[in-house]
Structures are given as structure tokens and as C-alpha cells.
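Enquirer: Take a look at the following structure, please.
The values are calculated or read from the model by the stated rules, or taken from the named source; none is laboratory data. Given the structure is predicted, the values throughout are model-derived calculations rather than measurements. FYI the Cβ positions are ideal-geometry reconstructions off the backbone, even for glycines, and counts take in every protein chain you see. Each accessible area value is taken on the protein alone, full model and side chains, heavy atoms only, with ligands, DNA and RNA left out. Shrake-Rupley method; radii C 1.70, N 1.55, O 1.52, S 1.80 Å.
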Amino acid sequence: MTMSVIFHDLSHNDVLPDALFKRTETDLSFFSERVAPIIEAVKTEGDAALIRFARSFDAVVPETFSLRAEESEFEQAFARIDPEVIEAIRFAAGNIRAFHEAQKPEEMWLKEMQPGAFAGDRHVPINAVACYVPRGKGSFPSVLLMTTIPAMVAGVPRAVVITPPGPDGKVDDATLVAARIVGISEIYKCGGAQGVAAVAFGTETVPKCLKIVGPGSPWVVAAKRQLTHLIDPGVPAGPSESIILADDNANGALAALDLIIESEHGPDSSAWLVTSSRRVAEQAITLLPSLWGKLDQQRADFSRRVLCGEHGGIVLTRDFETAIAFVNRYAPEHLEILADEPMAVMTKIRNAGEILLGNHTPVTLGNFVLGPNAVLPTNGAAKTAGPLSVFDYMKRISIGYVTAAGYDNLAVKAKRFAEYEGFTGHALAVSDLRKKFLKGETDV
């Protein structure tokens, strides 16, 4: 059966249809019902459940199966991986590290709020963080780099990786190589809902962590939501999504080429070309079948299913302002702007996980080597959240310090607040009684 790219001609519409803004993770009821028993099994059975799920979900074959990647696996991975791939990993790691080192806040700052009264923040790394690296629809050493490098820069004492094993019971070779290059030694072979549960509860082998970061399938997203009382789920990163925003002068061929990028992740992805130019839209529609012919069969099938389905395609708007409004309402994970003045267009974008500007900045570069983090908020979360960053691996502790000279001015104002709000204990702590105690007097 021939599949056609979905084309939404909204050039005469005043209202953008709600259906265009739905993602595959909008309704997780199907997954939520099915992850609950998986979570319970890991809670009660620990390692035994993880091994059983590895055999049933990941088709692990070997009878002897170690949940933790062993030193020999790292060594074998380096021997098997093409040196050019290793060099690409090192190159990307350097850029990602440099970006996040520049992003890292100073350990502490204090500002004199009033004479003798100081306030500020101290940044402290989280003790234990799990980095989720997916595998089901491919291998993702880039995700390992994006999730672990900011942890290392932040100074997290224990950063571990969880990832699904292959049928051979081992971790993807490039992922092991990336881990060694970054300095990560703990990799555990458990993915999906069971992996999330493992780091939420802790098992005989897998350590309990305080937070989990990294993108995942709806199964992973559903598990994170059910376990938020035990583990911080981090940036809400689900199935990939992108918008290519093209103005009237954009190159339709480039728009089609870059529309392929996120649509090939899998059938649960979302990918849109949004433009006010009928020429751009028609040129992209015409070219896409030829581009699919250049992909391997699985990726071509994924892309077709996305761009010919409910969560992708081409949207032609009445004007470019309406196209921008579409983007801001959608709040995409990835936004690529193909326009004469991409910087000017960028200033009108309020909601996006990342913005990639111009003809020479395809999503591919952002995903792998540019430096900014490619773990981004999905499902509209970019309206309130940003990319994974060093800050996600740290917590702020507020600091206050008031000198004797600065105390009186603040105390009288604080006492008024306390009395008005009915907190007599608060008021008493900044009354003249404090001054008596400071002088060594103890009578009340």
C-alpha cells in the first residue's frame, strides 16, 4: 500500500486544529496499566526480576548473564569499534564537556542585601544519579555523552548508567566506549520500566539513585510517573519530536531533508514541517519519497509512518506569523529555523527545547556534536522546562548571613511580618529577648 505524506492545508484557516498538537505520550493509560506489575516485580524480587525481564523483553539468550557490565566488556568494545567512531565520540565529548563547563555555576555566591546582611546560593551536586540510555530502536552512545558528561562536570559522586542489553546479554559497544572516555565505570543492563524501577528501589546489584535522567519510550515515561515519590524523574524526555519552521524563501529540499531526521527515530515520534509557503510545502512533499529511498528499510519505514500518520507531516499556514504561533503552541523538543533572518525569527519563539538556526545547523549536529545538551523536554513540556543541564545534577541551598551591625534593621521589619501573620514564636525570636540572650542574660 502506498503511503502519502500528510498535508494539512490551513492557508485559509483562522483556527489551528487541536489534533495536530497531540503526541503519542499524551495518553499513557495503556502503558501505565502494564508497567505497574513490572514495577512491583522489581520491588519484591530485585535482580531475579531484572534477569527475567531481560530474557523476555530484551531476548537475552546466554544462560550466564551479568547485570553489571564487566571490565572485559569495555576492553572488547574498544577492540571492535572502528577507530573513526571512537574519534567522533572523543570529538563530541570534548564539545559537550566544554559547553557544560561554561554552564556550570559558581559554587557559592553572596550578595549584600542590606548593610551587614548577606544572602546567596550554594550549589551542591546530587549524591547519586542514574543516566538512562535507550536501545530498543538503535544504539545511542550520544545519549550516554549527553547524560553523563554534565553529571561529571557537576561533580556527582555516583553517576551510573542503565541501558537495555542486547540478545547477547551485553551493552552496545559504542556506549561502552563512550562511558570509558567520559570516565563512567558503572553500567547496568536493565532498560524499560524495569530499569527505572531498579534505580528507584535499588536491587542486590543496581544501586538506588535519587534522580534519573535521559530520554525513553512511553514505557519509561509511564514508569517514571509512577515512581516520582521515590525518584526525581528529571527532564520529561519521551519520544522524539521536531518542527522544521520554514519561511517563504526557504529551500524546500533542505526542509524535506531535515524533516527526515527526527521522524526516523520510530513510529512514536512526531515530526512536522510548518511553513507559510506553498512552494516549500510542495517541494518537500515531492522530494520525500526519494529521500526515503536512500534510507535503510527500517528507518525509512519509521519516517513514513510518522510523516504519513497522525503525528507528523506538513502544515501550510495562512502566514508566517501563524506558523510561529503553531510552534509556540506546540513547544517542540527540536526546532530548526530555515529563514532569511533566522536570528530575527528566533526572538519570536518562546517555547522550544532547542532552536537550531539556519541552513547549516541541522538537528543532526545538535543531536551529536555541537555541544548543547540534546536531552530535551517533550510533549509540550518546553513551555515550562529546558534542556538537560549541569543544573539538573545539582541542587541549590540558600545561604543567609547577618552581622550584628545588620541585624536590627531586618529584625524590626521581620517582627512586623510575624505579628501580622500570627506567628508569635517568629516574633519572639526577633524581639528584645534575643538581645538579652546575646548579652548572656537568661531571665525571660
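Enquirer: Hey, could you check segment 235-263 for residues that are assigned to a loop (DSSP other than H, G, I, E, B) and either at pLDDT 95 or above or touching a strand residue (DSSP E or B) at 6+ places or on another chain (Cβ under 6 Å) (or both) and say which is most open to solvent (accessible area, probe 1.4 Å)?
Expert: So the residue we want is ASN249.
Enquirer: If you don't mind, another one. Looking at this structure, is VAL124 in contact (Cβ under 8 Å) with a residue 60 or more places away in the chain and not in a helix (DSSP H, G or I)?
Expert: yes
Enquirer: Among the residues of segment 392-401, are any in a helix (DSSP H, G or I) and modelled with pLDDT of 95 or more?
Expert: Yes; the residues of segment 392-401 include at least one that is in a helix (DSSP H, G or I) and modelled with pLDDT of 95 or more.
Let's see how each residue does on (1) without any contact (Cβ under 8 Å) to a residue 60 or more places away in the chain; (2) hydrophobic (A, V, I, L, M, F, W, C); (3) under 19 Å from PRO134 (Cα atoms); (4) in contact with a strand residue (DSSP E or B) (Cβ under 8 Å, 6 or more places away or on another chain):
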| residue | (1), (2), (3), (4) |
| --- | --- |
| ALA41 | no, yes, no, no |
| GLU45 | yes, no, no, no |
| ALA54 | no, yes, yes, yes |
| LEU67 | no, yes, yes, yes |
| ALA79 | yes, yes, no, no |
| ILE86 | no, yes, no, no |
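Yes/no per residue for (1) surrounded by 12 or more Cβ atoms within 10 Å (Cβ to Cβ); (2) at pLDDT 95 or above; (3) small (Gly, Ala, Ser); (4) outside any helix (DSSP H, G or I):
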{"residue": "ASP27", "(1), (2), (3), (4)": "no, no, no, yes"}
{"residue": "PHE30", "(1), (2), (3), (4)": "no, no, no, no"}
{"residue": "GLU33", "(1), (2), (3), (4)": "no, no, no, no"}
{"residue": "ALA36", "(1), (2), (3), (4)": "yes, yes, yes, no"}
{"residue": "THR44", "(1), (2), (3), (4)": "no, yes, no, no"}
{"residue": "ALA48", "(1), (2), (3), (4)": "yes, yes, yes, no"}
{"residue": "GLU63", "(1), (2), (3), (4)": "no, no, no, yes"}
{"residue": "ILE86", "(1), (2), (3), (4)": "yes, yes, no, no"}
{"residue": "PRO105", "(1), (2), (3), (4)": "yes, yes, no, yes"}
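Enquirer: Now for a separate question. Restricting to segment 199-234, give me the number of residues that are aliphatic (A, V, I, L, M), part of a loop (DSSP other than H, G, I, E, B) and open to solvent by less than 10 Å² (accessible area, probe 1.4 Å).
Expert: 3
Enquirer: For LEU291, are the conditions met, namely being open to solvent by 20 Å² or more (accessible area, probe 1.4 Å) and farther than 19 Å from ILE324 by Cα?
Expert: yes
Enquirer: Let me spell it out: the conditions are (1) open to solvent by 50 Å² or more (accessible area, probe 1.4 Å); (2) in a loop (DSSP other than H, G, I, E, B); (3) among the β-branched types (Val, Ile, Thr), and THR361 meets all of them except one. Which number is the exception?
Expert: Unmet condition: (1).
Enquirer: Is it fair to say LEU295 is at pLDDT 95 or above and in a helix (DSSP H, G or I)?
Expert: No.
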